[in-house]
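Notes follow the structure.
The values are calculated or read from the model by the stated rules, or taken from the named source; none is laboratory data. Just so you know, these numbers come straight off a predicted model, no measurement behind them. Counting neighbours? That spans all protein chains shown, and the Cβs are built from the backbone with ideal geometry, glycine included. Protein only, heavy atoms only, side chains kept; ligands, DNA and RNA dropped before computing areas. Shrake-Rupley method; radii C 1.70, N 1.55, O 1.52, S 1.80 Å.
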Amino acid sequence: ALMTNFTPPTSRGHHEFGFYGMGTFNLGWSVGNSTVAYGHVGDTYGYQSQTTYFPNGPEGEFVLTVATNVETASQAQPADATCQAYHALLA
């Protein structure tokens, strides 16, 4: 089935990142805590990524995806690249 509408879930306080269904969770922390953002992070041998949906972007809703060929224990580089790209779009 094609997903054409996104209904933001409500946080039930089960986890510090506000995990939601369908593999998405709150990623506002990666660009600024007051930013509304949902998405998914992933990693596999040698690669890490983050896809983030911004329902209230500066020009309307948009999605930002970052993929790297670096693997670290903290997955910091996808979140850092997402933050930099998001704030470059705001500038």
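Quick look at the values:
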quantity	calculated
Verdict on Ser49 being over 10 Å from the mean Cα position of the chain (by Cα), small (Gly, Ala, Ser) and either within 19 Å of Gly23 (Cβ to Cβ) or outside any helix (DSSP H, G or I) (or both)	no
Looking only at the range 29-41, and only at residues there that are part of a loop (DSSP other than H, G, I, E, B) and of a type outside the set (Gly, Ala, Ser), the one that is surrounded by the most Cβ atoms within 10 Å (Cβ to Cβ)	Val31
Filtered residue count, the range 63-91, keeping only those that are in a strand (DSSP E or B) and within 19 Å of Gly23 (Cβ to Cβ)	5
Within the range 42-91, considering residues that are aromatic (Phe, Trp, Tyr) and touching a Ser or Thr at 6+ places or on another chain (Cβ under 8 Å), the one least open to solvent (accessible area, probe 1.4 Å)	Phe54
